[in-house]
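Novice: Let me begin by handing over the structure; questions about it come next.
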Amino acid sequence: MQLLSANDMAKLGCGECGGCSACCRGMGQSILLDPYDLFLLQKATGLHFGGLMQEKLELCVEEGLILPALKMQSGTDACGFLNGEGRCSIHPYRPGLCRLFPLGRKYDEEGLHYFLLEDACEIRNRIKVKIRKWLELPALAQYERFLTAWHELRVSLQEQIDKQPADSFAQEINVKFLELFYQKPYAEEEAFYEQFEKRREEFMHLFMCSVRSFNRSEANAGQKQQSSNEETGIKKQ
């Protein structure tokens, strides 16, 4: 797998698809949305999270975290934003994974990289396009820093959820996570990245408080169990 940067060329150009729309159908719950995706959808539709959840989005569980995903429509198995001509009705505001296709992302110590999904697109004889141009995003470097921060946050949360045996911990974290990053509307007139950083700092404070609280509860429960065992041992003697 060849890792690429935003300034590299890759065979991405598909002649505007010709209304193929194969990549907009039968995707299940694979098109997960990050906060920037929701910010753009809010701009495109005028709807906040609750309104989008009525028809366009659904919640799914990804490694312990509850995340929104684009909803495929019953009967057609097509994305709810696909129009009758097989075109995306929100194309300038499309989610990051849609914008990325047929590329994938990889994160490592050096940051974010791209790679080509060789057989993902049904159109053959694609032409080379610079990745930066393909993504059609302003302030791409800032967007990539956001994606890296978001990825690291998700990984950290998933690791902590795996460590905590109590289902109540995962539930509490997911409620706060959804509320702060998705349910709370974003101010469209303000820069997204500044809003995200404020929410990330707030969430990390809440998250660390929850971890400490659950760790104390576990420690107290362990001490009580030890005291109970010692008391039982004395009685037996």
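Novice: I want to confirm something. Restricting to segment 66-101 and keeping residues that are small (G, A, S) and open to solvent by less than 50 Å² (accessible area, probe 1.4 Å), which single residue is nearest to V175 (Cα to Cα)?
Specialist: The selected residue is A69.
Novice: If a residue counts only when it is over 20 Å from A6 (Cα atoms), modelled with pLDDT of 95 or more and not charged (D, E, K, R), which strands (runs of 3 or more DSSP E) contained entirely in segment 38-144 have at least 1 such residues?
Specialist: Where strands (runs of 3 or more DSSP E) fall fully within segment 38-144 and carry at least 1 residues being over 20 Å from A6 (Cα atoms), modelled with pLDDT of 95 or more and not charged (D, E, K, R), they are 57-62, 65-70.
Novice: Here's another thing I want to ask about it. Out of segment 29-50, which residues are more than 15 Å from K71 (Cα to Cα) and touching a residue at least 12 places away in the same chain (Cβ under 8 Å)?
Specialist: Answer for segment 29-50, where residues must be more than 15 Å from K71 (Cα to Cα) and touching a residue at least 12 places away in the same chain (Cβ under 8 Å): P35, Y36, F39, L40, Q42, K43, A44, T45, H48.
Novice: Go through (1) among the acidic types (D, E); (2) under 25 Å from Y193 (Cα atoms); (3) in contact with a Lys or Arg (Cβ under 8 Å, 6 or more places away or on another chain) one by one and return the number of the condition E55 breaks.
Specialist: Single failed check for E55: (2).
Novice: Can you give me the number of residues within segment 1-28 that are touching a Leu at 6+ places or on another chain (Cβ under 8 Å) and either modelled with pLDDT of 95 or more or under 13 Å from A69 (Cβ atoms) (or both)?
Specialist: Within segment 1-28, the first condition is being touching a Leu at 6+ places or on another chain (Cβ under 8 Å), and the residues that meet it are 2, 4, 6, 10-12, 21, 24-25, 27.
If we keep only those that are either modelled with pLDDT of 95 or more or under 13 Å from A69 (Cβ atoms) (or both) too, we end up with 4, 6, 27.
So the answer is 3.
Novice: Looking only at segment 154-201, which residues are surrounded by 17 or more Cβ atoms within 10 Å (Cβ to Cβ) and acidic (D, E)?
Specialist: Matches in segment 154-201: E172 only.
Novice: Taking the conditions exactly as written (part of a loop (DSSP other than H, G, I, E, B), touching a residue at least 40 places away in the same chain (Cβ under 8 Å), among the small types (G, A, S) and surrounded by fewer than 16 Cβ atoms within 10 Å (Cβ to Cβ)), does G15 satisfy them or not? Let's see the steps before the verdict.
Specialist: Numbers: part of a loop (DSSP other than H, G, I, E, B): yes; touching a residue at least 40 places away in the same chain (Cβ under 8 Å): yes; among the small types (G, A, S): yes; surrounded by fewer than 16 Cβ atoms within 10 Å (Cβ to Cβ): yes.
So G15 fits the description; yes.
Novice: Another one. Out of all the residues in segment 101-136, which are without any contact (Cβ under 8 Å) to a residue 60 or more places away in the chain and among the small types (G, A, S)?
Specialist: Narrowing segment 101-136 to residues without any contact (Cβ under 8 Å) to a residue 60 or more places away in the chain: 104-105, 107-112, 117-119, 124-125, 133, 136.
Scanning segment 101-136 gives G104, G111.
The values are calculated or read from the model by the stated rules, or taken from the named source; none is laboratory data. Source: prediction; values computed, not measured. Note: ideal-geometry Cβ built from the backbone for every residue, glycine included; neighbour counts use all protein chains shown. Surface accessibility is based on the protein's heavy atoms, side chains included, excluding ligands, DNA and RNA. Shrake-Rupley method; radii C 1.70, N 1.55, O 1.52, S 1.80 Å.
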